[in-house]
Amino acid sequence: MESLTFSIALLILLLNSFAFSLNSDTDKNALISFKNSITSDTIAILSTNWSQNTSVCNWIGVSCGLKHGRVTALNLSRYDLAGTVAPHVGNLTFLRYLDISSNSFVGMLPFELSKLRRLKVMNLGTNSFTGEIPKWLGSLPQLEELYLYNNSFLGKIPSSLFNNSKLQTLQILHLSSNKLSGSIPHVIFNVSSLREIRIRNNSLSGRLPIDMCNNIPNIKLLALSQNQLEGQIPSNIWKCTHLEKLSLSLNNFSGSIPREIGRLSMLAELYLGYNSGFQGGVPSEIGNLSRLEILNIDSASITRDIPFSISNLSSLTVLSLSDNSLTGSIPICQNLQELYLHNNKFTGLIPLNIWKCKNLEILNLNINNLSGNIPHTIGNMSMLRELGLVLNHFTGLIPPNIWKCKNLEILELGLNNFSGNIPRTIGNMSMLRGLGLAWNHFTGLIPLNIWKCKNLEILNLNINNLSGNIPHTIGNMSMLRELGLGLNHFTGLIPPNIWKCKNLEILELGLNNFSGNIPRTIGNMSMLRGLGLAWNHFTGELPQEIGSLLMLETFNVFNNSLYGLIPSSIFNINFEEFTNYI
């Protein structure tokens, strides 16, 4: 009897061993077929590591289960692979995790992948897959996360993807940046397990169902921006009670922004911008969203005053309501870091308290009807990186203590009525990359230390009453891309070492009193696209070296006392006029 029991046990062991070997061979053959379908393996991962002489469980990107030794995960993301997906991958029947994202796979997904019944995560994002989204994806009973973003899938989103009641396991659906069209299937909003829906940057059309939030109580992220969706935002949006991020920007939504959005107590990010059909203003109920961190409703045709309740949002860090027709007071939020209100209809003074917002990094109030001056309290804004007040009615001086804004990178004050001297202290702002003071009434000299700002990329002082000359230290401004000094009272020569500004693309010196020869070294400034020297007192021969400026698009030396030949290459560009005075 003992001998019989031993024999049966041995037989079972042998059968299990045979089955294990057979299953292992199945997985190995499937992976070898996958490898053979690869047409490019730039970093030689598969060609060097996937050796038939070693266990597949030791191959890079492959993971196996401890119990059966079967392949349970295939992760080859970002390995610079190209080719197609072999149908034999469908034989990896124990596979739970498949990630081949961020490669260069092409073609259609083989039907055989429908045999991956244990698959929980499929990530095929950022490749070049084509064709329609396969209907068989809806038959994968354990699928929890589906990523097909950044491909070339086209056609409609198949309803069958969600018809299978077993697919109530699906939690993340990411179909962004494809070529999908048609309406969003209503059944997608019946998958109660969904936490994230991302279908931005496609060509989806139609309206959102009025009951869209009735059956997706777990949804945390809904991103449908950059499509062609229309109609009103459903008022039952408030039933998506766990929603943390809502992005509906860049569509054709119309009507009023539903005040019910103010009941989404978990909402942290709200994007409704670039919907030109909105009517009315910002609902005051948005001020109830105590967790809101980002509010963006740019270019949405909204009007009226910004509700005072917005000022109560203590978590708000980014407020962007640009390119609208908003009026009234500018809101002040305690922890605001970025405020974009450019191109609206705000009038009057900037609230004094805004200059005390120590966390503010970006303040853009360009293109409004604001007035007043910049107070000395601006020196308290130590975190400020960008300040834009262009095209308003500001007056007065630039406060000398502006240098205390040591993180300031962009200062744009053009098209106002500022006056006085440019403060010397601006030259102490070592982080400054852009200084725009054009179309004002500044007088005096440009402070010498401004010419030593090595990080400065744009210096636009056009159309003021400035004087003096360009010092030789300009040669140290190696990052300079644009220099605008037109329509002032500058004199002297163009320093020959200006050629050291090798990144200079725009040089505008017109309508001044510069004199002397045009330096031949300008011909070494290979990045130059625009050269404006008109209405000055330049003399001598036009340097033929200008002909080597292959990037040059505009060229104007009108009304000087130059002579000589125009380089033949100049005739291929848009030069305004060259007048030869002997």
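Peptide packing: for 85-92, 497-504, the average count of neighbouring Cβ atoms within 10 Å per residue gives the ranking 85-92, 497-504, highest mean first. Length available on full extension from Met383 to Lys502: 0.36 nm per residue minus the Cα-Cα distance, which gives 39.7 nm. Each principal axis of the range 249-306 carries a Cα extent, and these read 27, 20, 17 Å when sorted largest first. Unpaired Cys in the chain, meaning no second Cys C-beta under 4.7 Å: Cys333, Cys357, Cys405, Cys453, Cys501.
The value given for the chain is a Kirkwood hydrodynamic radius of 29.1 Å, derived from the mean inverse Cα-Cα separation.
Think of it as helices only: each DSSP H run of n ≥ 4 in the chain is worth -39500 (n - 2.57), and spread over all residues that comes to -2500 deg cm²/dmol at 222 nm.
Kirkwood analysis of the range 416-473, using all unique Cα-Cα pairs, places the hydrodynamic radius at 11.7 Å. A 1.4 Å probe run over the range 427-582, with the rest of the protein chains in place, finds 45 Å² accessible per residue. Per residue, the accessible area of the range 110-157 comes to 38 Å², computed with a 1.4 Å probe over protein heavy atoms only. Of interest is the spacing of the C-alpha centroids, which for the range 227-280 and the range 48-112 amounts to 40 Å. Partner lysines whose Cα lies under 21 Å from the Cα of Lys239, excluding those fewer than 8 positions away in the same chain, are identified as Lys220.
Expressed as a whole percent, the accessible surface of the chain that belongs to carbon and sulfur atoms is 52, based on a 1.4 Å probe.
Here the range 130-276 is treated as an ellipsoid with the same Cα gyration tensor; its semi-axes, largest first and in whole Å, are 23, 18, 12. Between 0 and 90 degrees, the angle of helix 2-36 with respect to the longest Cα principal axis of the chain falls at about 30 degrees. How many angstrom lie between the C-alpha centres of the range 177-203 and the range 363-400? When both Cα centres are located, 44 Å separates them.
Surface exposure of the range 314-379, expressed per residue as accessible area with a 1.4 Å probe, stands at 39 Å².
The values are calculated or read from the model by the stated rules, or taken from the named source; none is laboratory data. Quick caveat: nothing in here was measured; it's all calculated off a predicted structure. FYI the Cβ positions are ideal-geometry reconstructions off the backbone, even for glycines, and counts take in every protein chain you see. Ligands, DNA and RNA are stripped out before the accessible areas are found, and what is left, the full protein with its side chains, is counted by its heavy atoms. Shrake-Rupley method; radii C 1.70, N 1.55, O 1.52, S 1.80 Å.
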